[in-house]
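Below: one structure, written as structure tokens.
The values are calculated or read from the model by the stated rules, or taken from the named source; none is laboratory data. Every value quoted in this text rests on a predicted model; they were computed, and no experiment measured them. Neighbour counts run over all protein chains shown; Cβ positions are idealised from the backbone, glycine included. Heavy atoms of the whole protein, side chains included, go into the accessibility calculation; ligands, DNA and RNA do not. Shrake-Rupley method; radii C 1.70, N 1.55, O 1.52, S 1.80 Å.
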Amino acid sequence: MERRGLDAQGYFEREGSLGRVQEGFRGVVAAARERIGEAYGQRLHSAYLYGSVPRGTARPGRSDLDLLVVLHREPSAEDRDTAEVLADGLDEEFPEIDGVGILLHDKATVLSEEERYDFGWFLACLCTPLLGADLAEHLPRYRPDSLLARETNGDLALLLPRWRDRVREASAPDEYRVLSRAFARRLVRTGFTLVMPLWGGWTSDLAESAEIFGRYYPQRAAQLRDAAAVALDPVADPEVLREYTEDLGPWLAREYAARHGVKRPRTEPS
């Protein structure tokens, strides 16, 4: 079987680059770089792209723009308000993207021992430097092993109660679509990292992730394939959300804990 995403020594290769950004998205990326620098000034340590845009797989008018902003110190409420204003402004001005997400963290947290195999790995392997000094230079190299699987997605059981609350609170079709996309993405990624050490490679492609998962869990393969489709084309169907929170999600959380263990507790589970 083909192995992707690793170098000859079995370490993750960083996915994405500014050179892969498609021409239709270069304007919004340039605007994001400029506005982040202006908005945070000396408080900014670095900024990164992640997701389909730096991988070169974004779909005009349907893909979102994902950004990570790292500050020198812990973000304040004002810093978070600034991120929200930035995101809304980019989303409104550039029709080629469907939504903007900005993760806001501080340098000490990203480099902490607690986050080394979670957010540290995410930055070092899945994020593309956009502005400032690259923090990946201070992080180790990573392999697709059980430790990484546990620390990245071993907290699904903690998320499920909150997912159920969000489903109960939702009522409009647009709310259901937002939830179906978010839940489906997380379930497919969790399903893939469940089998990642067995497969021995990496992919961020959701359809491919579901297919790889299905080789090891054929009895659940159709569910994860369907979830991968919903992650790309969300649905306004509350029954799909109930399937995620009451069947697929709980099963995946149990299987994950049995195979890899449970993610180390955080002050506030993410």
**Message:** With the requirement that a residue be touching a strand residue (DSSP E or B) at 6+ places or on another chain (Cβ under 7 Å) and among the acidic types (Asp, Glu), what does segment 132-159 give you?
**Reply:** 134
**Fill in**
Among (1) more than 21 Å from residue 15 (Cα to Cα); (2) open to solvent by less than 30 Å² (accessible area, probe 1.4 Å), residue 46 falls short only on (1)
**Message:** Looking at 151, 115, 175, can you tell me which residue is part of a helix (DSSP H, G or I), acidic (Asp, Glu) and either at positive phi or open to solvent by less than 30 Å² (accessible area, probe 1.4 Å) (or both)?
**Reply:** 151
**Item:** Total residues in segment 10-43, condition in a strand (DSSP E or B) and over 19 Å from residue 139 (Cβ atoms)
**Value:** 0
**Prompt:** Any chance segment 179-187 includes a residue that's closer than 24 Å to residue 248 by Cβ, without any contact (Cβ under 8 Å) to a residue 24 or more places away in the chain, open to solvent by 20 Å² or more (accessible area, probe 1.4 Å) and not in a loop (DSSP other than H, G, I, E, B)?
**Reply:** yes
**Asked** Mind checking which residues of segment 188-210 are open to solvent by 10 Å² or more (accessible area, probe 1.4 Å) and outside any loop (DSSP other than H, G, I, E, B)?
**Response** 189, 197, 198, 206, 207, 208
**Message:** Taking the criterion of being in a helix (DSSP H, G or I), within 23 Å of residue 126 (Cβ to Cβ) and at pLDDT below 95, would at least one residue in segment 236-258 satisfy it?
**Reply:** no
**Residue list for segment 124-146, restricted to those being open to solvent by 20 Å² or more (accessible area, probe 1.4 Å) and assigned to a strand (DSSP E or B)** = 129, 131, 132
**Asked** What number of residues in segment 98-108 are touching an Asp or Glu at 6+ places or on another chain (Cβ under 6 Å) and either within 21 Å of residue 232 (Cα to Cα) or assigned to a helix (DSSP H, G or I) (or both)?
**Response** 4
**Asked** Only one residue in 34, 23, 74, 92 is without any contact (Cβ under 8 Å) to a residue 12 or more places away in the chain and farther than 18 Å from residue 128 by Cβ, so which one is that?
**Response** 92
**Message:** For a quick check of your reading of the model, give me the residue pairs whose first member lies in segment 48-60 and is farther than 23 Å from residue 132 by Cβ, whose second is charged (D, E, K, R), with beta-carbon atoms closer than 8 Å and at least 6 apart or on different chains.
**Reply:** 57/205; 60/96
**Request:** Would you point out the residue of segment 45-90, among those that are farther than 22 Å from residue 186 by Cβ, of a type in the set (Gly, Ala, Ser) and in a loop (DSSP other than H, G, I, E, B), that is modelled with the lowest pLDDT?
**Result:** 61
**Message:** Here's a check for you: in segment 49-77, which residue that is among the hydroxyl-bearing types (Ser, Thr, Tyr) and over 13 Å from the mean Cα position of the chain (by Cα) is surrounded by the fewest Cβ atoms within 10 Å (Cβ to Cβ)?
**Reply:** 76
**Prompt:** Conditions: (1) touching a residue at least 60 places away in the same chain (Cβ under 8 Å); (2) under 17 Å from the mean Cα position of the chain (by Cα). Residue 237 meets all but one. Number of the miss?
**Reply:** (2)
**Asked** Mind checking whether some residue in segment 95-106 is over 14 Å from the mean Cα position of the chain (by Cα) and of a type in the set (Gly, Ala, Ser)?
**Response** yes
**Message:** Any residue that is more than 25 Å from residue 144 (Cβ to Cβ), open to solvent by 50 Å² or more (accessible area, probe 1.4 Å), without any contact (Cβ under 8 Å) to a residue 12 or more places away in the chain and not acidic (Asp, Glu) - is there at least one of those in segment 1-10?
**Reply:** no
